[in-house]
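See below for the structure under consideration.
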Amino acid sequence: MITVLEAIKLSTEYLEKKQVESPRTNAEILLAEILHCKRLDLYLSFDKPLSENELNLYRESIKQRAMRIPLQYILGYVEFFGLKINVNQNVLIPRPETELLVEKIINDFKSIKNLRILDIGSGSGNISLSLAKNLENSFVTGIDISDKAIEVAIDNAIKNSVANVEFKLLDIMTEEIFNQGKFDLIVSNPPYVSKNDYQTLEPELKVHEPRVALTDNADGLTFYNRIITIAKNILKQQGYLYFEIGKDQHEIIYGLMNQQNFNNIKIQKDYSGIERMIYGQYL
Ligand code: GLN
């Protein structure tokens, strides 16, 4: 019989050998999920033996993590801004930095009614849904180039009971975007990793997350260029644009926004001190 503590210890060693970061935490989170308990509750049941079924399930999930499949895909969900967002390998895993973007927008717009919001590259729907949920009189349109991502986002809208939102299959690089009317607020966390940087990513990202969600296969700036250039066609006058951005992209994107009549442009850092967000108002 293998106990909770023994199972955690063996798995931790195995994950460490496979160069998984924070192996013990990963081992604990996966076991807690199988035992339907909180991670800290494991500490109260270290001596409890695992049933054969529990052990098999645990072995399977540890094997997946050892293959560097991200923890969130194995669990099938992530917590994002208080919502449970389901994820699979067709969508980028929502990152904690992106919660800062959502929080900033909610703070800036909480007293404004009837906002029409466009989320470009909506992925799992994390940004669209957290905005729609917290800006009650708003209506959010999420667009994405991936039909599989749209499926995940719609499912997440239903599971989180968010009704003031829609998701549409639409490629921002096509003319179709000009037929959607104009928006008060545009938000986007587009694929911003450059082709070169993409090669250096950890296997969790490079092998398992959708490439289309991470890189533009160019300099990382394709979608900022596109969105800023077409702002006059998709943003109302005095509308706002909020971007998540990659490391060291802030100066060039500031320049682009400045050139295209954006005013009051501000940059905000993330938890690691990296310029992660840029926003401004279109005049
Ligand atoms: N923040 C992601 C990363 O970890 C990139 C997401 C994106 O390209 N928008 O690299």
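The values are calculated or read from the model by the stated rules, or taken from the named source; none is laboratory data. Note that the coordinates shown come from a computational prediction; the quantities given were computed from them, not determined experimentally. Every residue, glycine as well, gets a Cβ built from its backbone with ideal geometry; the counts of neighbours run over all protein chains shown.
The set of residues in segment 42-73 being under 15 Å from T25 (Cβ atoms) and free of Cβ contacts under 8 Å to residues at least 12 places away in the same chain consists of Y43 alone. Scanning segment 42-72 for residues that are small (G, A, S) and assigned to a helix (DSSP H, G or I), which turns out nearest to T3 (Cα to Cα)? Checked segment 42-72; the qualifying residue nearest to T3 (Cα to Cα) is S61.
Residues in segment 73-105 that are part of a helix (DSSP H, G or I), closer than 25 Å to Q268 by Cβ and within 15 Å of the ligand (Cβ to nearest atom): 7 in all.
Can you tell which of I265, I253 is β-branched (V, I, T), within 23 Å of I117 (Cβ to Cβ), within 15 Å of the ligand (Cβ to nearest atom) and touching a strand residue (DSSP E or B) at 6+ places or on another chain (Cβ under 8 Å)? That would be I253, the only listed residue that is β-branched (V, I, T), within 23 Å of I117 (Cβ to Cβ), within 15 Å of the ligand (Cβ to nearest atom) and touching a strand residue (DSSP E or B) at 6+ places or on another chain (Cβ under 8 Å). Scanning segment 55-80 for residues that are aromatic (F, W, Y) and closer than 21 Å to E151 by Cβ gives Y73, Y77, F80.
Of all residues in segment 213-232, those satisfying the criterion of being part of a helix (DSSP H, G or I), more than 17 Å from the chain's Cα centre (by Cα) and within 14 Å of the ligand (Cβ to nearest atom) are T222, Y224, I227. Can you find a residue in segment 216-226 that is at pLDDT 95 or above, under 30 Å from V20 (Cα atoms) and of a type in the set (D, E, K, R)? Taking every residue of segment 216-226 in turn, at least one turns out to be at pLDDT 95 or above, under 30 Å from V20 (Cα atoms) and of a type in the set (D, E, K, R).
Give the residues of segment 152-211 that are more than 13 Å from the ligand (Cβ to nearest atom), surrounded by fewer than 16 Cβ atoms within 10 Å (Cβ to Cβ) and β-branched (V, I, T), sorted by residue number. If the condition is that a residue be more than 13 Å from the ligand (Cβ to nearest atom), surrounded by fewer than 16 Cβ atoms within 10 Å (Cβ to Cβ) and β-branched (V, I, T), then I154, I158, T174, V207 are the ones that fit. Remark: Y240 matches the filter, which requires a residue to be more than 19 Å from the chain's Cα centre (by Cα), buried (at least 21 other Cβ atoms within 10 Å of the Cβ) and in contact (Cβ under 8 Å) with a residue 12 or more places away in the chain. For the criterion of being touching an Asp or Glu at 6+ places or on another chain (Cβ under 7 Å) and either within 23 Å of S194 (Cα to Cα) or not in a strand (DSSP E or B) (or both), M277 passes.
Residue count for segment 113-150, restricted to those that are among the acidic types (D, E) and either in contact with a helix residue (DSSP H, G or I) (Cβ under 9 Å, 6 or more places away or on another chain) or crowded, with 24+ Cβ neighbours inside 10 Å (or both): 2.
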